Each structure stands twice: as C-alpha cells, then as structure tokens.
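Chemist: This is the structure, below, for whatever I ask next.
Bear in mind these aren't lab numbers, they're just calculated from the coordinates by the rules spelled out. Given the structure is predicted, the values throughout are model-derived calculations rather than measurements. Cβ placement follows ideal geometry from the backbone for every residue including glycine, while neighbour counts extend to all protein chains displayed.
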Amino acid sequence: MTVLPNSLQARDIAYQMHPYTNARRHERIGPMVIERGEGIHVYDDQGREYIEGMAGLWSVGVGFGEKRLVEAATRQMSKLPYYHTFTHKSHEPSIALAEKLVKITPAGLDHVFFTNSGSEANDTVVKIAWYYNNALGRPNKKKFIARVGGYHGITVASGSLTGIQVNQKGFDLPLPFVRHITTPHFYRFGLPGESEQAFTDRLAKELEDVIAEEGADTIAAFIGEPVTGAGGVVVPPVGYWERVQEICRKNDILVVADEVINGFGRIGTMFASEHFNIRPDMLVLSKQITSSYQPLAAVVFSDAIYQAVADHSETLGTFGHGYTASGHPVATAVGLENLAIIEERGLVQNAATVGAHLQKALRGFANHPLVGEVRGVGLIGAVEIVKDKATKEKFDPPGKVGTYLFERAQEHGLIIRNMQDSIAFCPPMIITEKQVDEVIARFARALEDTQ
Ligand code: PLP
C-alpha cells in the first residue's frame with residue numbers, strides 16, 4: 001500500500017503504536033483502517049467490504065451494527081454514565097449482570113468480580129488464588145500450572161500464564177510462579193503410533209509428575225482454555241478435562257476455566273465447561289459478554305473461595321483489589337442486553353447448527369496438499385498448513401506462508417487470523433449457512449493463490 005501524506009494511514013504510523021504489531025513493518029505498510037460494520041461485514045476507508053471471519057478478535061458474537069446495544073449504552077450513559085463499585089457502592093446494571101452470570105454459569109459458581117479485560121480477569125484469578133491460600137494459612141500454595149500454547153493475556157501475571165513465546169520474549173516473562181505443561185494437541189504432540197487415549201494418559205501422567213515434583217502443597221491452581229483459541233484452536237481429546245480435574249481435586253488444586261473466547265455459545269453450548277464436564281472453581285469470561293461493544297470481563301467463582309476471601313478481607317480490613325471501571329455501568333448494561341439478544345435469537349443453538357456446517361465445510365480442505373490438519377468445534381475452527389503433509393513438517397520460518405495466505409484472504413474480502421501457520425475462523429455467531437459458504441469460497445480462492 002502506498003501511504004499518502006496526511007492520510008489516516010500516515011497519521012496512524014506517526015502517532016499510534018499498535019498492539020501485536022511489528023512496528024517497523026507497520027511503518028512500511030500502514031494500517032488497514034476499518035470505518036464501519038454491519039452484521040458479519042466490516043468496511044474499510046476505501047469502501048471495500050470484508051467478511052469479518054474472526055468476529056473482530058473472537059468477540060463480536062451478535063455481529064456489527066446491533067442497534068439494541070447502542071440503545072442500551074445510550075440509555076445508561078444518559079442515566080448514569082459512570083459510577084464505581086469500590087467501598088460499598090454499587091449500581092443496578094452491575095448487580096443485574098452479576099446475578100445473571102451466576103444463574104447461567106455452571107453449578108457451583110456463585111460470585112462475580114468484574115474487570116475490564118481478560119488479562120485483568122486472569123490477574124484477578126491469580127490474586128484471588130493467592131489471597132485464598134493466605135486466608136487458609138497455606139502461604140506456600142501459590143504456583144500455577146498452565147499449558148504451552150495457552151493464552152491468558154499479556155499483563156505481568158496473565159502474560160506469565162500464557163504459554164506463547166511472542167508474549168514473553170523480550171519481556172522477561174514468565175515469572176517463576178508458573179509451570180507450563182504439554183498442550184492437548186494430538187496432531188502435533190501425539191507420538192508416532194500413539195492412540196488419543198494413550199496421549200491423554202501420558203498428559204495426565206505429566207500433570208501428576210509435575211505436581212509430585214513441585215509438591216501439591218506449593219500449587220494453587222491449574223488454568224486452561226477448554227478449547228484453546230490464540231494458541232491455534234486446539235480441541236482436547238475426549239476425557240482430557242475429566243482427567244485433569246480428577247488429578248487437581250485429589251491434590252486440592254483449584255481448576256480455572258478460561259472461557260474468554262469459549263464463553264457465551266462459541267462452541268455450541270453456553271459455556272464450553274458444560275461440553276467438557278468441567279466444574280471450575282473459577283470461570284473467566286470476557287469478549288462475547290458484551291460482544292466487545294464495551295470492554296468488560298468477569299471472574300465467576302465458588303462460594304468456598306468467596307467465604308475464605310471474605311473472612312480474610314475482614315481480618316485485613318479490606319479486599320484491596322479492583323479497577324476504577326470494575327462493573328462499569330455502561331459496560332454491564334450492554335452486557336445484559338447482549339446476553340438477552342443471545343438468548344432471544346437462539347445464537348447458542350445457531351453456533352451449534354451453523355457451526356456443524358462450518359466444521360464440515362472446513363474439513364473439505366483436509367485433502368489439500370498444503371493442509372496438515374483441520375480442527376474445531378461449533379463456530380471456531382482452524383486450518384493448519386504445513387510444508388510436508390506426510391511428515392507434518394512445519395514451514396520455515398514459521399508463519400511466513402500463513403501470513404501470505406492471510407493476506408490473500410484479505411484481498412478476497414475475508415478477514416481471518418493466522419497464528420503462525422494455523423489459520424483461525426471464528427465468525428460472528430449470527431452467521432448463516434449461506435454466509436459460511438461464502439467464507440469457505442473466499443478462503444478457497446486464497447488457498448489457490450498460495451500454492
Ligand atoms: N484469555 C483468553 C482465552 C483470551 O483469548 C484472551 C484474549 O484473547 C485473554 C484471556 C486476554 O483478554 P484481553 O485481551 O481482553 O486482555
């Protein structure tokens with residue numbers, strides 16, 4: 001792209017440093033400036049239309065241009081644009097959304113703490129777990145077990161839980177309170193001749209070994225995304241989560257389900273924890289909680305944790321944690337309206353039925369010479385491209401071909417996301433089967449250009 005003087009692109013390059021962006025490359029090519037959105041589509045400043053095959057960042061569940069959310073925000077802005085929830089203050093939208101979340105989340109989750117982002121929510125998880133174990137007189141029980149390839153955010157604590165190199169290289173992360181273990185990705189980490197069941201057994205044994213090595217009395221929690229998102233869309237083998245939970249329970253280790261991407265219908269059930277029979281002690285939610293029309297995240301946790309934390313805060317005088325915008329009235333009002341839309345329009349069911357169509361269509365690429373694996377469930381999927389289909393050898397350098405493919409897709413009017421050489425699909429949950437076919441057609445063109 002030629003960057004014209006004084007254009008939006010030129011001003012962006014001059015003044016804005018972007019997240020997740022190679023700054024020098026950005027200076028050369030400039031940004032794609034998105035101007036507006038409607039349904040599953042967004043439009044750039046040149047008027048070009050794209051299917052948003054990633055729902056923004058896995059997040060705009062109800063699609064773009066949803067007037068009901070605009071109206072909910074406007075109503076709340078006029079009435080009470082801001083108030084906080086510190087020191088015994090509250091407001092109706094935060095109360096109503098907390099109540100709603102407790103009602104719809106899996107059994108055993110009874111209390112809600114609001115934050116602005118998924119990263120802050122995971123920092124809150126770490127701090128609650130630490131506070132909880134201090135409350136119980138177990139000051140050494142503080143470590144977390146996470147997975148390589150897991151994504152939990154980028155703050156100092158959540159970025160330590162994340163198991164992706166780019167989030168840690170250059171930042172002196174992870175902090176030493178985290179141990180990362182193998183991700184349950186059979187295609188990549190299964191051994192030659194190993195069955196999925198044997199793979200799951202091996203991963204369970206690894207978890208047990210790490211616990212034995214560190215000592216169960218030093219480990220506070222296990223955290224994982226039920227279906228991994230940013231690490232490449234990994235659906236674990238059947239039985240994996242049951243084994244993890246069993247081992248954690250036996251060792252008095254909290255189970256944290258990070259459903260920042262999975263939550264609110266993405267995989268075809270309201271929460272992925274339901275699908276995988278996870279009974280988390282803490283559940284982390286964000287993104288589709290407001291369809292990202294407002295920044296909002298939440299940690300929903302058990303009464304046992306709440307009681308210990310509440311007792312300890314009484315001893316210490318206060319629970320000294322929270323954000324200026326925790327439970328922000330506009331964000332929580334939008335969250336409530338968004339959940340009403342998801343329920344009224346049957347979007348969870350839509351993610352199941354149209355999701356099945358998407359999964360079938362994506363698997364149509366499985367025999368393509370560039371495609372190593374197709375994976376996914378509901379309205380989230382990935383196509384992993386490889387240098388050698390037979391040996392699963394990756395491209396070198398990783399991500400070069402994936403980026404090329406992603407750019408070709410964009411030329412064909414489809415925004416997707418490449419995580420190195422895994423190409424993710426995560427469209428708005430309002431998508432129809434016909435629109436899925438158009439996603440597939442545009443991707444097929446991009447794949448053709450890449451051969
Ligand atoms: N957890 C998961 C599973 C995520 O996918 C993300 C973001 O993509 C986060 C946490 C971090 O959320 P945020 O970017 O809002 O800090």
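Chemist: Put a dot 7 Å past each Cα toward the Cβ at Asn22 and Phe171; how far apart are the dots in nm?
Modeler: Here the answer is 1.9 nm between the modelled labels.
Chemist: Here is a further query. Tell me, how many Å apart are the Cα centres for the range 334-400 and for the range 429-451?
Modeler: Comparing the Cα centres of the range 334-400 and the range 429-451, I get a distance of 11 Å.
Chemist: Something else: Considering only the range 234-382, what is the antiparallel percent among its DSSP beta bridges, to the nearest 5?
Modeler: Counting DSSP beta bridges with both partners in the range 234-382, the antiparallel share is about 70 percent.
Chemist: Helices from the chain with mean Kyte-Doolittle at least -0.5 and a Cα length along the axis of 20 Å or more, per DSSP H: which?
Modeler: 118-135, 329-344, 347-363
Chemist: What shape does the range 341-451 take by its C-alpha gyration tensor, where a ≥ b ≥ c are the square roots of the eigenvalues and a/c under 1.5 counts as rounded, a/b above b/c as prolate, and the rest as oblate?
Modeler: It is prolate, given that a/c is not under 1.5 and a/b is the larger ratio.
Chemist: Sticking with this one: Please give the contour-minus-distance gain from Ala366 to Gln197: 0.36 nm per residue of separation, less the Cα-Cα distance, rounded to one decimal in nm.
Modeler: Difference between extended and current length: 58.6 nm.
Chemist: Would you please report the Å³ per residue occupied by the convex hull of the alpha carbon atoms in the range 206-333?
Modeler: Measuring per residue, one finds 141 Å³ for the Cα hull of the range 206-333.
Chemist: Pairs of alpha-carbon atoms within less than 8 angstrom and 6+ residues apart define the contacts here; what relative contact order does the chain have, in percent?
Modeler: 20 percent
Chemist: Also, quick follow-up: Under the √(5λ) rule applied to the eigenvalues of the Cα gyration tensor, what semi-axes describe the equivalent ellipsoid of the range 24-165? Give them in Å, descending.
Modeler: Square roots of five times the eigenvalues give 34, 26, 14 Å.
Chemist: Hey, if you put +1 on the Cβ of every Lys and Arg and -1 on every Asp and Glu Cβ in the chain, which of Val348, Phe395, Gly317 ends up farthest toward the positive end of that dipole?
Modeler: About the Cα centre, the residue reaching furthest to the positive side is Phe395.
Chemist: Could you compute the FRET efficiency for Lys142 and Lys392, with r as their C-beta to C-beta distance and R0 at 45 Å, rounded to 0.05?
Modeler: On the way: r = 38 Å, r/R0 = 0.84.
Once the sixth-power term is evaluated, E becomes 0.75.
Chemist: Let me ask you something else. Mind giving me the FRET efficiency for Ser90 and Ala212? R0 is 60 Å, r the Cβ-Cβ distance, nearest 0.05 is fine.
Modeler: 0.85
Chemist: About the Cα centre, and with charges only on the beta carbon of Lys, Arg (+1) and Asp, Glu (-1), how big is the dipole of the range 69-344? Nearest 20 debye, please.
Modeler: The dipole magnitude comes to about 440 debye.
Chemist: If I model a spin label as a point 7 Å beyond the Cα along the Cα-Cβ vector, how far apart are those points for Thr315 and Ile29 in nm?
Modeler: 5.4 nm
Chemist: Any of Lys143/Lys205; Lys143/Lys394; Lys67/Lys360; Lys79/Lys434 with alpha carbons more than 29 Å apart? Name them for me.
Modeler: Violating the 29 Å limit, Cα to Cα: Lys143/Lys394; Lys67/Lys360; Lys79/Lys434.
Chemist: Okay, next question. Give the percent of DSSP beta bridges with both residues in the range 107-248 that are antiparallel, rounded to the nearest 5.
Modeler: Once the DSSP bridges in the range 107-248 are tallied, antiparallel ones form about 10 percent.
Chemist: For the chain, count the residues as N, evaluate 2.2 N^0.38 Å, and divide the Cα radius of gyration by that value, please.
Modeler: Cα-based Rg divided by the globular estimate yields 0.98.
Chemist: Still on this structure, I have one more. Given labels modelled 7 Å from the Cα in the Cβ direction, how far is it in nm from Ala444 to Leu80?
Modeler: Taking the simple label geometry, Ala444 and Leu80 are separated by 5.4 nm.
Chemist: Hey, which lysines would be in cross-link range of Lys400, C-alpha to C-alpha under 24 Å, not counting anything within fewer than 8 residues on its own chain?
Modeler: Within the straight-line limit of under 24 Å, Lys400 reaches these lysines: Lys169, Lys387, Lys389, Lys392.
Chemist: Share of antiparallel DSSP beta bridges in the chain, in percent to the nearest 5?
Modeler: Roughly 65 percent of the beta bridges in the chain run antiparallel, per DSSP.
Chemist: Determine the calculated [θ] at 222 nm for the chain from helices alone, applying -39500 (n - 2.57) to every DSSP H run no shorter than 4 residues and normalising by the residue count; nearest 500 deg cm²/dmol.
Modeler: So the helix-based figure for the chain works out to -12500 deg cm²/dmol.
Chemist: Per q in 0.18, 0.20, 0.21, 0.26 Å⁻¹, report the Debye log10 I(q)/I(0) for the range 250-317, using one uniform scatterer on each alpha carbon and no solvent.
Modeler: So the normalised log intensities work out to -0.76, -0.85, -0.90, -1.09.
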